[in-house]
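Asks: Below: one structure in structure tokens.
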Amino acid sequence: MVFKFKRDKLNLLLLFALISLGIFLPLWKYGVVDNLENKMLAKVDIEREYEGNINLLIREHPFANASDVSTWFFASGPAEFERHVYVTESDDDFVVVQQDVKSEWYWNETFSYLTLSPTPYTGINCTMWDNTTHVVKRDLNNPHNVESPLADRSRTGYSLLFPSHQSEGNDIENVFVDDVNITSKLDFTDAKELEGLTVYEYQGNVQKDCTDSLGVYVDVSVNFLLEPLSGLIVNFLEKTVTYFADPGYAIVVGEITFSEVSSSVAKGVEDVKSVRSKIRLIEFWVPVLTVITMVFAFAFLLYRCSGSKLPEGYIPST
């Protein structure tokens, strides 16, 4: 009778443990994990630096005869960019993400289009600011743009932030390209290792005829590395923006090419590792440690209820 009582008690404990796990794991996954990860999205703060070159074909006198190529000249030189992406406002449904870009370039070489002789415009410095405001859904798995009066323009798809939990080999659809104001696709090209991180490489290219609105034809190409679990860009390998304008415009052809500097890449790796570790803790380690704790607790209760040992061959019934 005593042994039967203990056996029934153990079976009840086992049943209770299984029910508790069956309740805890779904609640943790769908009630806690998503909430914690979405709070991480509301704390986005990314600072990056890039360097490259700018090449322009310019009309010296924009109001002169457009066919007079004697007034055209080439200008080229190094360019530097500082980019800051951060959240300014958030609620349960969306986050407002601000992007501030400071660009500086220096014309260290200018020469005539017609004679290839140097021009007096060498040495010109230029500094520009470009500020954009994006409103995205507060969802780490799907941070797509939403319509809002807080945004500086209407956007669809993804722009500054990409979906987390990317699968190897999958392309990223519906990527909004601010340069041409349309959505395009990023093609998956390869899986790589970068300082201990598994990263996916993506490439994209889009062209748009903007002659009616801006007077230019635009070609944009991008190539970057993205950490798949967090959906964050680790290294912007290269971006090239080329403008082809009607000769009646001041800038006839413009090309800007840049990539991320090594110090910025190192900072990006550390930032992404930190975010990735938090996601792993929330999604994997907390449930695993909870299960292990419950197993040890049940084993301890099994030991106590059995009086330090069970009859040979005993197996709890379920």
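Asks: Hey, can you tell me all the residues within the range 87-99 that are under 14 Å from I46 (Cβ atoms) and surrounded by 15 or more Cβ atoms within 10 Å (Cβ to Cβ)? If you could, list the steps in order and put the result at the bottom.
Replies: So the first thing to find is which residues in the range 87-99 are under 14 Å from I46 (Cβ atoms), and the list is 87-88, 95, 97-99.
If the condition is that a residue be under 14 Å from I46 (Cβ atoms) and surrounded by 15 or more Cβ atoms within 10 Å (Cβ to Cβ), then V87, V95, V97, Q98, Q99 are the ones that fit.
Asks: Mind checking which residues of the range 154-176 are at pLDDT 90 or above, closer than 21 Å to V44 by Cα and not hydroxyl-bearing (S, T, Y)?
Replies: R155, G157, L161, F162, P163, H165, Q166, I172, V175, F176
Asks: Further question on the same structure: Residue by residue through the range 204-216, note down the ones that are in contact with a Ser or Thr (Cβ under 7 Å, 6 or more places away or on another chain) and surrounded by fewer than 17 Cβ atoms within 10 Å (Cβ to Cβ).
Replies: N205
Asks: Is one or more of the residues making up the range 189-211 closer than 25 Å to S164 by Cα and in contact with a Gly (Cβ under 7 Å, 6 or more places away or on another chain)?
Replies: So far as the range 189-211 goes, no, none of its residues is closer than 25 Å to S164 by Cα and in contact with a Gly (Cβ under 7 Å, 6 or more places away or on another chain).
Asks: Now a separate question. Within the group Y217, Y200, which residue is in contact with a Lys or Arg (Cβ under 9 Å, 6 or more places away or on another chain) and closer than 24 Å to E173 by Cβ?
Replies: The unique qualifying residue is Y200.
Here's the yes/no breakdown for (1) at pLDDT below 90; (2) within 22 Å of the chain's Cα centre (by Cα):
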| position | (1), (2) |
| --- | --- |
| K185 | no, yes |
| K192 | no, yes |
| D209 | yes, no |
| Y217 | yes, no |
| L225 | no, yes |
| L229 | no, yes |
| T240 | yes, yes |
| G248 | yes, no |
| S259 | no, yes |
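Asks: For the condition in contact (Cβ under 8 Å) with a residue 12 or more places away in the chain, of a type in the set (K, R) and either in contact with a helix residue (DSSP H, G or I) (Cβ under 7 Å, 6 or more places away or on another chain) or surrounded by fewer than 14 Cβ atoms within 10 Å (Cβ to Cβ) (or both), what is the one hit in K185, K192?
Replies: K192
Asks: Listed residues D212, D179, D219; which is in a loop (DSSP other than H, G, I, E, B) and without any contact (Cβ under 8 Å) to a residue 40 or more places away in the chain? Give the derivation first.
Replies: On the way: D179 fails: without any contact (Cβ under 8 Å) to a residue 40 or more places away in the chain; D219 fails: in a loop (DSSP other than H, G, I, E, B).
Going through D212, D179, D219 in turn, just one is in a loop (DSSP other than H, G, I, E, B) and without any contact (Cβ under 8 Å) to a residue 40 or more places away in the chain: D212.
Asks: Now a separate question. Any idea which residue in the range 149-183 is nearest to the chain's Cα centre (by Cα), counting only those that are within 27 Å of R280 (Cα to Cα) and among the aliphatic types (A, V, I, L, M)?
Replies: Only one residue fits best here, namely L161.
The values are calculated or read from the model by the stated rules, or taken from the named source; none is laboratory data. No experiment lies behind these values; they were computed from the predicted model shown. No Cβ is skipped: glycine too gets one built from the backbone with ideal geometry, and neighbour counts run over all protein chains shown.
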